[in-house]
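For reference, the structure is listed below as structure tokens.
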Amino acid sequence: MDHCRDAVTLLRDFAMSACDQCLVRNRAICAALDKDEINSLNAIGRRRSLVAGESLIWEGEDSVLVANVIEGVLKLSTGTEDGREQIVGVVYPSDFIGRPFGGKTNHGVTALTDARVCVFSRGDFDAFAREHPALEHKLLQRTLTELDRTRGWMLLLGRKSASEKVASFLLELSDRLSPVTCETTHSGAAARFVLPFSRQQIADVLGLTIETVSRQFTRLRNEAIIELPSRREVVIHDRQALISEAG
């Protein structure tokens, strides 16, 4: 029995330690919980690592899991009738993914970069959320925030020019990528970051051709608004000019 108690204590302490060291705890939905509640939530969750290109959720399947993004960037995508993929959203560290409280998933979730997520069985998570109103409130806040982002995304895809799309996308990355791994401005936005996307993926996300995306990057660099030390690295030199470019 002592060995069993020691094992339980060890697992509990490990869970608490994992949460205490989590880079996104203060920004994720679990920020609404106290330590005892975090411990209870950990009992029904597990950490999972994904490699770039690995799927976590498949479009059209029953909602069986939800997750917090700890590290990395993942895409939300749906298939068209002719077999093409349309990226409908991107999730970053501290974002919540999946569909609580039943239903089918309307999009697939796939890692764009190597990623780590904290995964919960959807049924277990639903039961936990019902017992913790603060978590349900946080979920509602996240849902409304995602609705605002979706409306902004519709504007970007439907009305903005190619230059406005690329500038808006770079600003979103600057705002959303983890400040732990990026050089930041006084406002907390990333001034230097590594793109989690290839140029082709950026084109797919924005509904542009890869040639158009490359031309826009080159123009922004030539106008000294951004610097491109490497193909994936971006440095924003003139954030106000980039905001103006975004319309």
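Any read-out appearing in this document is the output of simple, stated calculations on the displayed coordinates, not a laboratory observation. Because the structure is a prediction, the values reported are computed rather than measured. Note that each Cβ is placed from the backbone with ideal geometry, even for glycine, and that neighbours are counted across all protein chains shown.
Odds and ends about this structure:
- Segment Asp34-Arg48, length gained on full extension (0.36 nm per residue, minus Cα span): 2.7 nm
- Cα centroid separation - the stretch 204-247 against the stretch 94-121, whole Å: 29 Å
- As a rough footprinting exposure proxy, the listed residues Val91, Val66, Val235 were ranked by other beta carbons within 10 Å of their own, and the order from fewest upward is Val235, Val91, Val66.
- Positive minus negative residues near Phe101 (Lys, Arg vs Asp, Glu; Cβ under 13 Å): 0
- Computed packing ranks the peptides 93-103, 221-231, 130-140 as 93-103, 130-140, 221-231, most packed first, by mean other Cβ atoms within 10 Å.
- Peptides 192-204, 32-44 ordered by packing proxy, namely the average of other Cβ atoms within 10 Å per residue, highest first: 192-204, 32-44.
- Cut-off 9 Å between beta-carbons: net charge of the residues surrounding Thr78, Lys and Arg +1, Asp and Glu -1: -2
- Filter on Lys35/Lys75; Lys75/Lys160; Lys75/Lys104; Lys104/Lys165; Lys35/Lys138 - keep pairs with C-alpha separation over 28 Å: Lys35/Lys75; Lys104/Lys165
- Cut-off 11 Å (backbone N to label point 7 Å along Cα→Cβ of Lys104), residues of the stretch 60-75: 60-63
- Within-13-Å neighbourhood charge of Glu54 [Cβ basis; K, R +1; D, E -1]: +2
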